[in-house]
Amino acid sequence: MADEVALLTYKFTANFPREEQFALTSQMRRAAVSIPSNIVEGCGRQTEAEFLRFLDIAYGSLRELEYQTSLGVRLGFGAEHAEFQAKLDETSKVLAALIRTIRKS
């Protein structure tokens, strides 16, 4: 799921203006790749607390990407992309639920 967000982000930003290549495009792609990367890195940690810390970082990157996506649309860089937004929403809900579950245990 988080991997799909990264792939969709690359597709969404593919036609952003050239002058945004090192600005919003780059920032969005870094945030998108950070989500699955932190989940995977957290899975490799020894303790639940460390795993949770990486999940929190992944969730923060996801929220950052949600804002940046909205900004890109409002600036006219990308059209509303229902599949992309739906995947962001779904990933956000699943990741938040996972974090809540781990915190309760």
Considering only segment 16-34, state which residues are surrounded by fewer than 20 Cβ atoms within 10 Å (Cβ to Cβ) and either in contact with a Cys (Cβ under 6 Å, 6 or more places away or on another chain) or among the β-branched types (Val, Ile, Thr) (or both).
VAL33
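Can you tell me which residues in segment 35-50 are of a type outside the set (D, E, K, R), touching a residue at least 24 places away in the same chain (Cβ under 8 Å) and either in contact with an Asp or Glu (Cβ under 6 Å, 6 or more places away or on another chain) or surrounded by fewer than 20 Cβ atoms within 10 Å (Cβ to Cβ) (or both)? Please lay out each step first, then the result.
Just the residues of segment 35-50 that are of a type outside the set (D, E, K, R), to begin with: 35-40, 42-44, 46-47, 49.
Filter once more, so that each one left must be touching a residue at least 24 places away in the same chain (Cβ under 8 Å): 35-36, 39.
Within segment 35-50, PRO36 is the sole residue that qualifies.
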Where a residue in segment 66-80 is free of Cβ contacts under 8 Å to residues at least 24 places away in the same chain and its partner, wherever it lies, is in a helix (DSSP H, G or I) and surrounded by 11 or more Cβ atoms within 10 Å (Cβ to Cβ), with Cβ under 7 Å and at least six apart:
GLU80/VAL73
Of the criteria (1) more than 22 Å from MET1 (Cα to Cα); (2) touching a Leu at 6+ places or on another chain (Cβ under 8 Å); (3) among the β-branched types (Val, Ile, Thr), which one ILE99 fails
(1)
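Taken together, the values in this text are just the output of simple stated rules run on the coordinates, not laboratory data. The model shown is predicted, which means the values in this text are computed figures rather than measured ones. Methodologically, a virtual Cβ is constructed for each residue, glycine included, from the backbone with ideal geometry; neighbour enumeration extends over all protein chains shown.
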